[in-house]
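**Q** There's a structure below that I have some questions on.
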């Protein structure tokens, strides 16, 4: 089989390599990978390793969809021929408190930008029946992060409330789609008029141009109240975010495009009794719930572009430029 791998950090080291197809052991599953969805963290892992203990040769990528082709002894969760997606963390199955020592696919564990991959059966979830593999591959990180922020930790989103997504990447648009599906309103903030127009075509309730004072526009659109939930994907200076927040509102900090440090004004946080939480994707039970939600509401993930397996470098370039939704690599593969 073929896989994209690195022998040192840096995209210049990313090369296609031919390796043996792995064999699953007891409790393990061999998956024929059909699609890999890229996240900005994948580019960071390739560039810097994000401070994690990377083992070389290293295969990047954390999110895949594929088909079970072989199961090891004792496997009961999945069967040969089933379509599956993988979890982001290796052993976080449920509960708000994650177990110690978790590992990440495409981080501390080898990734999925390969034609075949072996997983412990506990790290797999059945793919939504309403999505093809390209769309299903986007759920592992971006979809689950949005779902977990809105519904699984802290105050839960209620119908009639408003969700603010900063940006138009995968998590931001998943947040808007999930909000609309649950009877809430969705506000998207972007510096691009073209992307705001595309968001409007998806049914987003309001689009706001990101410039100085954008929170004033959000408050006007919400009749002065502000928004109950924010998916904070920029980070950095959060003065506008806090100004747009309603009393008792919740900010889920997810992205760091604005820098590695947050600047949160104290008085708005105190006076609004704001809840600010960090989100590190989510657990397997959440991914199963998201999959069911996708099927129940007929949500179609937003995929900006699909690249062939041989063109993974072009896919990464698209990701770095900034995608509207997700960038996916179509893999396929066959045993020689």
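The values are calculated or read from the model by the stated rules, or taken from the named source; none is laboratory data. No experiment lies behind these values; they were computed from the predicted model shown. Note that each Cβ is placed from the backbone with ideal geometry, even for glycine, and that neighbours are counted across all protein chains shown.
**Q** Scan the stretch 165-186 for residues that are in contact with a helix residue (DSSP H, G or I) (Cβ under 6 Å, 6 or more places away or on another chain) and part of a strand (DSSP E or B) and report the count.
**A** The number of residues fulfilling the criteria is 2.
**Q** Please verify whether residue 62 is buried (at least 22 other Cβ atoms within 10 Å of the Cβ) and assigned by TED's automatic domain parsing to the domain that holds residue 289, treating the condition exactly as stated.
**A** For residue 62, the condition - buried (at least 22 other Cβ atoms within 10 Å of the Cβ) and assigned by TED's automatic domain parsing to the domain that holds residue 289 - is met.
**Q** Within the bounds of the stretch 96-103, is there any residue that is in contact with a strand residue (DSSP E or B) (Cβ under 9 Å, 6 or more places away or on another chain), surrounded by 20 or more Cβ atoms within 10 Å (Cβ to Cβ), at pLDDT 95 or above and under 25 Å from residue 326 (Cβ atoms)?
**A** no
**Q** Still on this structure, please answer the following. Tell me which residues, restricted to the stretch 202-219, are surrounded by fewer than 20 Cβ atoms within 10 Å (Cβ to Cβ) and more than 23 Å from the chain's Cα centre (by Cα).
**A** Within the stretch 202-219, 209, 211, 212, 213, 214, 216, 217, 219 qualify.
**Q** Oh, and also: Check residue 242 against each of (1) touching a strand residue (DSSP E or B) at 6+ places or on another chain (Cβ under 7 Å); (2) outside the structural domain of residue 125 (by TED's automatic domain parsing); (3) free of Cβ contacts under 8 Å to residues at least 60 places away in the same chain and name the one condition it does not meet.
**A** (1)
**Q** Is it the case that residue 118 is out of contact with any helix residue (DSSP H, G or I) (no Cβ under 6 Å at 6 or more places or on another chain) and at pLDDT 95 or above?
**A** For residue 118, the condition - out of contact with any helix residue (DSSP H, G or I) (no Cβ under 6 Å at 6 or more places or on another chain) and at pLDDT 95 or above - is met.
**Q** Is one or more of the residues making up the stretch 220-231 in a helix (DSSP H, G or I), assigned by TED's automatic domain parsing to the domain that holds residue 176, surrounded by fewer than 24 Cβ atoms within 10 Å (Cβ to Cβ) and touching a strand residue (DSSP E or B) at 6+ places or on another chain (Cβ under 8 Å)?
**A** yes
**Q** For the stretch 1-40: of the residues being out of contact with any helix residue (DSSP H, G or I) (no Cβ under 7 Å at 6 or more places or on another chain) and assigned to a helix (DSSP H, G or I), which is nearest to residue 323 (Cα to Cα)?
**A** Here the residue is 12.
**Q** Give just the number: which of (1) more than 16 Å from the chain's Cα centre (by Cα); (2) at pLDDT below 95 does residue 73 not satisfy?
**A** Status for residue 73: all satisfied but (2).
**Q** Identify all residues within the stretch 261-309 that are crowded, with 16+ Cβ neighbours inside 10 Å, in a helix (DSSP H, G or I) and out of contact with any strand residue (DSSP E or B) (no Cβ under 8 Å at 6 or more places or on another chain); write none if there are none.
**A** Those that are crowded, with 16+ Cβ neighbours inside 10 Å, in a helix (DSSP H, G or I) and out of contact with any strand residue (DSSP E or B) (no Cβ under 8 Å at 6 or more places or on another chain): 286, 289, 290, 293, 294.
**Q** Name the residues in the stretch 61-88 that are touching a strand residue (DSSP E or B) at 6+ places or on another chain (Cβ under 7 Å), touching a residue at least 24 places away in the same chain (Cβ under 8 Å) and not in a strand (DSSP E or B), would you?
**A** Once the filter is applied, which keeps residues that are touching a strand residue (DSSP E or B) at 6+ places or on another chain (Cβ under 7 Å), touching a residue at least 24 places away in the same chain (Cβ under 8 Å) and not in a strand (DSSP E or B), the stretch 61-88 yields 61, 62, 72, 75, 77, 78, 82, 87, 88.
**Q** Hey, can you tell me all the residues within the stretch 129-141 that are part of a loop (DSSP other than H, G, I, E, B) and crowded, with 24+ Cβ neighbours inside 10 Å?
**A** Within the stretch 129-141, 137, 138 meet the criteria.
**Q** Restricting to the stretch 232-258, and then to whatever is assigned to a loop (DSSP other than H, G, I, E, B) and more than 19 Å from the chain's Cα centre (by Cα), can you tell me which residue is farthest from residue 156 (Cα to Cα)?
**A** 236
**Q** Moving to a separate point now. Name the one entry in 172, 199 that is buried (at least 24 other Cβ atoms within 10 Å of the Cβ) and over 12 Å from residue 301 (Cα atoms).
**A** Answer to the check: 199.
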